[in-house]
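I have placed the structure first, in the form of C-alpha cells, so that the comments after it can refer back to it.
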Amino acid sequence: MNLPPPPNDHALAVLFLTVFALILFTREKIPLETSSFIILIALAVGFELFPFMVNGSSLHAVDFFQGFGHEALVAVCGLMIAGQGVVRTGALEPVGIALARMWKVSPNISLLLTLLAGAFISAFINNVPVVVLFLPILTSVSARTGMKASSALMPMGFATTLGGTCTTIGTSTNLLVVAVAADMGLKRMEMFDFLLPASIACGIGIAYLWLIAPRILPERELVLSDTSPRVFAAHLEILEGSPAEGKTLSEALKKIDGVRKIMSVERGPDNFMMPLPSMVLKAGDHLAIRDTPERLKEFEKILEGTLYPEDSQNEPIDDEHPLKAEDQQIAEVVVIEGSRLQGRTLNEMQFSERYGMITLAIHRPGMHLEKLDDKIGDILLQAGDILLIQGPREQVVSIKKAKDFLVLDATMDLPYTRKAPIAGTIMLGIILAAATGTLPIAIAAPFGALFMIVSGCLGWGDATRALSAQVILIVVASLALGAALLKTGGAEYLAQLFLISAGDASPRVIISGLMLLMGILTNIVSNNAAAVIGTPIAISIAARMGQPPEPFVLAVLFGVNMSYATPMAYKTNLLVMNAGNYTFNDFLRAGVPLVLIIWGVLSFLLPAIYGIG
C-alpha cells in the first residue's frame, strides 16, 4: 500500500490537533465547552504565530472565530429559543396527555404510538424537550400499570433521535453538515431533500424498537424509588435535667451530629425564635426538627427529651401515635440541560427555601447514592442528575409547572397554558417558512424566536437559558477545525488515506464504509465535531472518485446521527440512562443492533436512490 506524500506542516499540525480534539472530547472530567474552547484558541494562536498562505493571502487567526456568526449556529440558536418557547408554554402537552390516556387502553399499541409521535415531533424540534415530555409519562405509566419502564424509556429516546435525522432542522448536526457542504460549493439541501431514505430507515428502526428492543433489555428498577425514607417534621421538647439544658444550640447540635435541620425554636406558646448557634436552650424549649423517624428517635434519646408531632403538643410520638405526613409527596426530579440548577449547588440556589422542598437523595451514574447524612446541598449538580425530593402536594404541582425541572413522577395533570397555541403556531410558521423556501432557516428561526419573546411565550431570561454554551462552543470549534482541515489540505490528505485503505472498493462500499466510520466516531466523540470533520473528507472522496457528492455527504450526516451505542453519545441518552437506571452494557445491547440495522438499510438505499454503481 503506497501512502500519499505527507501534507504541508500546517496540515500536519491541524491533523495532530484533530486527533487531540477527538481525545479531549472523550474526557468526562473536562467539560465539552472547555475542550471546544481549548481547540478554538489553539487554532487561533497557532495560525497567528505561524501564518499560512491560501491562494496568495494569509489565513488569519480571526477567521476561526467566524463560526460565531455562521448561519448554521444562528439557525441552531434560533431553534433552541423557539423550542424553549414550545416547552415553556406546554404546547406539546396535549400530545402527552393523549398518549398517557392511551397507555391505559393498550400498552403495546401505545408504545408504538409513543415511538411514532416522538420521531415525528423530533423531525422539527430538538429531541431533548420531546424526551423531557415523554419521560415522566412513561415513568408514571410504569408505576401505575406494572409495565417495565426499562422496556420503553430507551426505545423512546432512540426513536426521537431517529426522527431527528429526517429533516435538515431535526438536529444541530444536520444543520452543520448541510451548511458546511454549502460552504464548499454544493447545492444547499432543502428541508425534505433526504426525507425518503431517512423515513424508510426510521420506520425500520422504529419497528425494531417496538418489537425487539423491549424484549432484549433487562428489567431495571427506577433509580431512586423507595431508596430514602420520608422526612418528618416534629418538635423535640427540652426537659429539665436534659443534657441540652443550659447549653447553646451549637453545643446541643454537636451531640446529635448530623441533624437535618432545626427550623426554629419555640419558647412559650406561639413564640418562635430564630435558631441562632449562640442561643442558650432552656427547659420547655421546643426544637422544630426535620429528619427521618429513626434519627428523630435517636435525637430524643441522646438529648433525653420528648418528641411531639408538629401540629400537636398533647400526645407524644410513640408506637400508638406515629409520625404522619398526609400532605407530603415524594417525587424524582431530573436536572435537565439549561436548568438553573445545572452547574450550581442546592445550597447556592437556596433550593429548600425557594421551592419549599426537601432533598432526600441524589443519584448520578458512577457516583454512590448520596442520602440524608451526606452533604447533598454542596454537590455541584450536572445535567442528568436525579434528585429525590419531598414536599407538600401544591409545591410538587408548582415545581412541575415551573418547567425548570423534569419531574419523573407525573401524578399531576400536565400544564397547558393559554400561550401554548401561539407558541405552536410560531413553531409551525418557522417550519413552513423553511420548508417552502420562503425564508432560509437561518432567518426563519431567529424571526420565530423574536416572536416567541414579543408574544410573551418566553421572557429574555428563558431565552438566554435556552442557549447552551456547550452547543455553541462545540459548533464554533468544529467549524474552525473543519475550515483548517479544508484550507490546509488536511481533509484532502485524509480522503486519500481513506481511499488507499479501501483499495479497489466500489463507490457503494466506500459510502457504506464512510457511514460506519462516522457511526463509530459519533459514539465516542461529539457528533458535531465528527460531522464537520467528516463532511469535507466526504466531498473530497466523491471528487476523487468522480461521483456525485450528495450520497457521500448524506453518509456522513446519517453516520454521525447513529448515536445509539453509548450513553455519552448524545445528551438524551444520558437523560434516559439516568431515569431508567440503565447501564453502559444496556446501551450496547440495544444500541449496537440499531446502529447495524440503520447502517445496513442506508448502505443499500443511498447508492440506489442516487444511482451509484
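Only a single item in (1) buried (at least 16 other Cβ atoms within 10 Å of the Cβ); (2) basic (Lys, Arg); (3) part of a helix (DSSP H, G or I) is not met by Arg290, and it is number (3). For the stretch 49-95, a residue qualifies if it is without any contact (Cβ under 8 Å) to a residue 40 or more places away in the chain and on the phi < 0 side of the Ramachandran plot, and the qualifying residues are Leu49, Pro51, Met53, Ser57, Ser58, His60, Ala61, Val62, Gly69, Val95. Does the stretch 34-53 include one or more residues that are surrounded by 19 or more Cβ atoms within 10 Å (Cβ to Cβ), among the β-branched types (Val, Ile, Thr) and modelled with pLDDT under 90? No, because not a single residue in the stretch 34-53 is surrounded by 19 or more Cβ atoms within 10 Å (Cβ to Cβ), among the β-branched types (Val, Ile, Thr) and modelled with pLDDT under 90. In the stretch 80-100, the condition of being assigned to a helix (DSSP H, G or I) and of a type in the set (Ser, Thr, Tyr) is met by at least one residue. On inspection, Thr572 passes the criterion of being more than 19 Å from Ile200 (Cβ to Cβ), among the β-branched types (Val, Ile, Thr), buried (at least 19 other Cβ atoms within 10 Å of the Cβ) and in contact with a helix residue (DSSP H, G or I) (Cβ under 6 Å, 6 or more places away or on another chain).
Apart from one condition, Ser540 fits all of (1) at pLDDT 85 or above; (2) within 27 Å of Leu594 (Cα to Cα); the exception is (2).
Per-residue answers, yes or no, for (1) crowded, with 24+ Cβ neighbours inside 10 Å; (2) within 24 Å of the chain's Cα centre (by Cα):
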| position | (1), (2) |
| --- | --- |
| Leu116 | no, yes |
| Gly163 | yes, yes |
| Leu175 | yes, yes |
| Gly185 | no, no |
| Met189 | no, no |
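Quick one: what pairs do we get from the stretch 13-41, first residue closer than 15 Å to Ser478 by Cβ, second of a type in the set (Ser, Thr, Tyr), C-beta under 6 Å, 6+ apart or different chains? From the stretch 13-41, the pairs are Val14/Thr488; Leu24/Ser35; Phe25/Ser35; Phe25/Ser526.
Here's the yes/no breakdown for (1) among the charged types (D, E, K, R); (2) assigned to a strand (DSSP E or B); (3) out of contact with any strand residue (DSSP E or B) (no Cβ under 9 Å at 6 or more places or on another chain):
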site	(1), (2), (3)
Pro6	no, no, yes
Ala21	no, no, yes
Ile41	no, no, yes
Glu48	yes, no, yes
Ser58	no, yes, no
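Residue count for the stretch 173-230, restricted to those that are polar (S, T, N, Q), modelled with pLDDT of 90 or more and not in a helix (DSSP H, G or I): 0. Regarding the stretch 501-508, can at least one residue be identified that is at positive phi and part of a loop (DSSP other than H, G, I, E, B)? Yes, some residue in the stretch 501-508 is at positive phi and part of a loop (DSSP other than H, G, I, E, B).
Report whether or not Leu494 is at pLDDT 85 or above and under 22 Å from Arg188 (Cβ atoms). In short, no. Looking at the stretch 542-613, the helices (runs of 4 or more DSSP H) lying wholly inside it that each contain 3 or more residues that are closer than 30 Å to Ile362 by Cβ sit at 571-580, 584-609.
With respect to Asp374, is the statement that it is within 25 Å of the chain's Cα centre (by Cα) and either in the same structural domain as Thr359 (by TED's automatic domain parsing) or at pLDDT below 75 (or both) true? Criteria not met by Asp374. Filtering the stretch 506-533 to residues that are modelled with pLDDT of 90 or more and crowded, with 22+ Cβ neighbours inside 10 Å leaves Ile510, Ile511, Leu514, Met515, Met518, Gly519.
Closer than 28 Å to Phe451 by Cα and not in a helix (DSSP H, G or I) - does that describe any residue in the stretch 63-75? Scanning the stretch 63-75 turns up at least one residue that is closer than 28 Å to Phe451 by Cα and not in a helix (DSSP H, G or I). Within the stretch 321-360, if we keep just the residues that are assigned to a strand (DSSP E or B), at pLDDT 70 or above and not hydroxyl-bearing (Ser, Thr, Tyr), the residue that is nearest to Thr306 (Cα to Cα) turns out to be Ile358. For the stretch 454-471, the set of residues classified as surrounded by fewer than 19 Cβ atoms within 10 Å (Cβ to Cβ), within 12 Å of Ala82 (Cα to Cα) and touching a residue at least 40 places away in the same chain (Cβ under 8 Å) consists of Leu467 only.
All conditions but one from (1) surrounded by 24 or more Cβ atoms within 10 Å (Cβ to Cβ); (2) within 25 Å of Asn581 (Cα to Cα); (3) not β-branched (Val, Ile, Thr) apply to Gly96; the one that does not is (1).
The values are calculated or read from the model by the stated rules, or taken from the named source; none is laboratory data. Since this is a predicted model, take the numbers as computed values, not measurements. Backbone-built Cβ (ideal geometry, glycine too); neighbour counts: all protein chains shown.
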